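Step one of this worksheet: look at the structure below.
Each value in this text was obtained by applying a stated rule to the coordinates, not by laboratory testing. Note that this is a predicted model, so its numbers are computed, not measured. Every residue, glycine as well, gets a Cβ built from its backbone with ideal geometry; the counts of neighbours run over all protein chains shown.
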Amino acid sequence: MLRISRLTDYATVILASLAGGSLASAAEIAERTHIGLPTVSKLLKELQHAGLVLSVRGARGGYQLALPAASINAAQIIDAVEGPVALTECAGGAGNCGIESTCLVSNGWQRISRAIRRALADVSLEELVRRDAALGAPDVLRINAQSRAPARG
């Protein structure tokens, strides 16, 4: 089963609570999200390290999104908490698997991992927060075509 961790889920809820634009302390975020303060504090540090939130010091300080909600995507949130999306060891990069040189399925899993990452990157925090519009199904034909394209980089 593919599933994000509870901490990634909480990080998304925390970011959604900041999508309104105003500064909020860790305690205020914990109160409005019903997530424990130690967990909120830990996740805010990870999100700040990833460049998704900014910390403003002082009596009127707090946390705010570092980017507009439309510029933060689900892949970035997962990366901030769990690390890069990779379904298998080989999908995380060369040299991560002991049978890499003889494996017959690594290319397929790498294609699937890239397609999933692109689908996650196509969904913004703004879309996750929006209550008036359901997320559409990913454009499977476009994702499939992109997964066959040679990797850049």
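Miscellaneous remarks
- Formal net charge of residues neighbouring Ala74 (Cβ-Cβ distance under 12 Å; K, R +1; D, E -1): -4
- Inter-label distance for Leu2 and Glu82, nm, one decimal - labels placed 7 Å from Cα along Cα-to-Cβ: 1.0 nm
- Karplus-derived 3J(HN,Hα), 6.51/-1.76/1.60, for each residue of region 61-69, Hz, glycine and proline x: x, x, 10, 8, 5, 7, 9, x, 4
- What the Cα convex hull of region 50-120 gives, in volume per residue, is 88 Å³.
- For Leu128, net neighbour charge (Lys/Arg +1, Asp/Glu -1) across residues whose Cβ lies under 12 Å away: -2
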